[in-house]
Each structure stands twice: as structure tokens, then as C-alpha cells.
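Below is one structure, written out as C-alpha cells; comments come after it.
The values are calculated or read from the model by the stated rules, or taken from the named source; none is laboratory data. Note that the structure is a prediction, hence the values are computed from the model and not measured. Cβ: placed from backbone, ideal geometry, glycine included. Neighbour counts: every protein chain shown. Accessible surface areas use protein heavy atoms only, side chains included; no ligands, DNA or RNA. Shrake-Rupley method; radii C 1.70, N 1.55, O 1.52, S 1.80 Å.
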Amino acid sequence: MILILAGTQDGRELAAELTALGYQVCISVTTEYGRSLAAPAAELVNDLPLDATALRAFIAKHQIRLLIDASHPYARGASENALQVTAALNLPYIRYERQSSQFPAYEKLHVVDTIQAACQVANNISGTVFLTTGSRALAEFKANLASDKRVIARILPDAKVLAEVLALGFSPKDIIAMQGPFSEAMNSTMFADFATQIMIMKESGKIGGSDEKFLAAQRLNLDIIIIKRPKLEYRVLVHDFTELLKKIKEVL
């Protein structure tokens, strides 16, 4: 059986394609909502946390022959855990990662390496900050953005996530709970309605809606802060399904 760490739409689509080709596939996700999205794509879906010990046990229990790491490009901990466990078990590992978007030159574009750096840039620009980075790092943003700066958080419509964001001190009027990705027009409407001056995003790739976020913000003449992907040394890295299928046939 193939285990896919699928924290994104890419992983779910990949699982469905491999299942259609006759491979036995199980998917691991991180939320109950992710489980509901992944269920049609594979015969087994796990939504329990997989630290090193749990991942080893899962691999043994389900006789995993290959791990495909299709976790989110910014889920560094998940990838590091998968790399370490598969190396220890001598289990084949393939990293499947969407290509980065290529953005046009723009005088109000700021590219940074970390959330802290993004906050430093934002704190030196007046106006409302609109976060399109998801919910996982909101505590870090809350701790590093100026306390008098209005911050809009766009998150998944998940009750647990919403409770966590409210507990961080975000006001209900500063929370958008909707499932993305969003069109350029939808992004433009949201940015304008919240009087946004600064939009912070990740380099998530086209399937993650990066292009639409960038274009909408650029048309509104907003400051755009992009947090670059973390750099990891993957043993095997592919960017498309054809290349992945070739690697799967080599290891299986």
C-alpha cells in the first residue's frame, strides 16, 4: 500500500489518480474536514496525528511500501518527520510538490524568509493587514504584528479552527471563515471591503491560489509580502504526475 501525506488538494487529486490506476492508497490528513474531502480518493483515510512513533506504527500496521509526501509546502515538520522515519526504515520516499508561482516585477512586493520578517515589514507600513496564510501560524503573527494594527485572518470554515482563532484574540469582525482557493475577483472584493493596505501570502503555487491573490492585490496597489517556502533536502523530488508515476514504478 502507498501512504500519501495529503495536506492539500494536490495530494487528494494524486490519490484519486493512483487509485484509478489500481494502486492501493491510503491518505493521511490533519483535520476532520480534510478527512471528508479525502474520503472519496482512497480506501483508507487517517486523520490522527502522526509523530515519529505513530508514523512507524502506521507504516507497520498497514504494510506501507512507499510514502509520498504531498503535504503542504510549508508543513516543514511533517516533511522532516517523514524523511527521518522513512530513512530509518529504509522505506522509499518521494516528495511531490507543486511548482512555485512566478510573479511579475512589482514595486510594492516584499519577499521574506520568515513570518517574523514579514511582520517587521508590515509593522513599517501603515494600514490594515490581510493574512491569506491559513490558521496554523496565526499565533506567531499575533505575537509579532503591532498591537494597534488591524489584522484580518482568512481561515477554513472549521469550528475547531475558529475557536482557536477567537482564543488568540481575533475579533469576529476580523475573521473570514471560507474554503478557498478564491478567484481574483473574490480576492479583490475581500481586500477592498476590509480596506486592506498590506496582503501577506505564502508561495503556495497556482493550485493554492497564489496567482489570484497576487493579481488582486497588485490591481488594488497594495503592499504584498510573500513568505518563501522553507528549504529542505528531499531525497527524491518531483513536480508533476508523469514524473511521479515514473518514480513509483521504479521503486515498486
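The single residue among Thr86, Thr53 that is buried (at least 20 other Cβ atoms within 10 Å of the Cβ) and over 25 Å from Thr133 (Cβ atoms) turns out to be Thr86.
Go over the candidates Met199, Met178 one by one and state the one that is hydrophobic (A, V, I, L, M, F, W, C) and touching a Leu at 6+ places or on another chain (Cβ under 6 Å). Give the steps one after another, and end with the answer.
Details: Met178 fails: touching a Leu at 6+ places or on another chain (Cβ under 6 Å).
The match here is Met199.
Every listed requirement among (1) assigned to a helix (DSSP H, G or I); (2) closer than 24 Å to Lys228 by Cβ is met by Phe130 save one, (1). Tallying residues that are farther than 23 Å from Ala137 by Cα and open to solvent by 20 Å² or more (accessible area, probe 1.4 Å) within the range 57-83 yields 7.
Just need a number here: residues in the range 69-88 that are at pLDDT below 95, assigned to a helix (DSSP H, G or I) and touching a strand residue (DSSP E or B) at 6+ places or on another chain (Cβ under 7 Å). Selection size over the range 69-88: 2.
Scan the range 165-213 residue by residue and report those that are of a type in the set (A, V, I, L, M, F, W, C), touching a residue at least 40 places away in the same chain (Cβ under 8 Å), crowded, with 17+ Cβ neighbours inside 10 Å and under 23 Å from Asn144 (Cα atoms). Explain how you work it out, then say what you get.
We begin by selecting, within the range 165-213, every residue of a type in the set (A, V, I, L, M, F, W, C); these are 165-168, 170, 175-178, 182, 185-186, 190-192, 194-195, 198-201, 207.
Now drop any that are not touching a residue at least 40 places away in the same chain (Cβ under 8 Å), which leaves 190-191, 194-195, 198-201, 207.
Narrowing the set further to residues that are crowded, with 17+ Cβ neighbours inside 10 Å leaves 190-191, 194, 198-201.
Of everything in the range 165-213, those that are of a type in the set (A, V, I, L, M, F, W, C), touching a residue at least 40 places away in the same chain (Cβ under 8 Å), crowded, with 17+ Cβ neighbours inside 10 Å and under 23 Å from Asn144 (Cα atoms) turn out to be Phe191, Phe194, Ile198, Met199, Ile200, Met201.
From the list Asp158, Asp193, the lone residue that is among the acidic types (Asp, Glu) and touching a Ser or Thr at 6+ places or on another chain (Cβ under 9 Å) is Asp158.
When residues in the range 136-150 are screened for being open to solvent by 20 Å² or more (accessible area, probe 1.4 Å), within 24 Å of Ala192 (Cα to Cα) and not in a helix (DSSP H, G or I), 5 of them pass.
His239 meets each of the listed conditions (1) at pLDDT 95 or above; (2) surrounded by fewer than 18 Cβ atoms within 10 Å (Cβ to Cβ) apart from (1). Residues that are in a helix (DSSP H, G or I), open to solvent by less than 10 Å² (accessible area, probe 1.4 Å), over 30 Å from Ile198 (Cβ atoms) and in contact with a helix residue (DSSP H, G or I) (Cβ under 6 Å, 6 or more places away or on another chain) are absent from the range 102-120 altogether. Here Ala122 clears all of (1) modelled with pLDDT of 95 or more; (2) at positive phi except the condition numbered (2).
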